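What follows is a set of notes on a single structure, which appears directly below.
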Amino acid sequence: MTYARKVDANHSIIVKAFREMGCSVFDTSRVAGGFPDILVGRNGKTALVEIKADAKAKFTPAQQAFMLNWQGSTVCRIHDIEGAINLVKTLEK
């Protein structure tokens, strides 16, 4: 089994922002197989979140395969605090 060698530099900042907004966050960045970086819980809902360094960062082949085959909710791509805020607003609806 292979693990992610590193998380993006903004990973901890985004996790902290979700927690400060009252979300539950479970860090899954060490899970293999292209699984998203974190799970975010809010208002009885769960979001799978892939944290990217910036808007131009590409998904790995493993991440692409995971998203193609995953039959649950869509994986959310977040690269900044604004994206985290928007996701929380969506989860509150």
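At a glance:
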item	result
Filter result (in a helix (DSSP H, G or I) and surrounded by 14 or more Cβ atoms within 10 Å (Cβ to Cβ)) within the range 15-61	15, 17, 18
Selected residue (criterion: least open to solvent (accessible area, probe 1.4 Å)) from residues of the range 71-93 that are assigned to a loop (DSSP other than H, G, I, E, B) and closer than 14 Å to residue 43 by Cα	92
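The values are calculated or read from the model by the stated rules, or taken from the named source; none is laboratory data. As the structure is a computational prediction, the values presented were derived from the model and not from experiment. We place every Cβ from the backbone using ideal geometry, glycine too, and count neighbours over all the protein chains shown. Areas reflect the complete protein model, heavy atoms only, side chains present, ligands, DNA and RNA absent. Shrake-Rupley method; radii C 1.70, N 1.55, O 1.52, S 1.80 Å.
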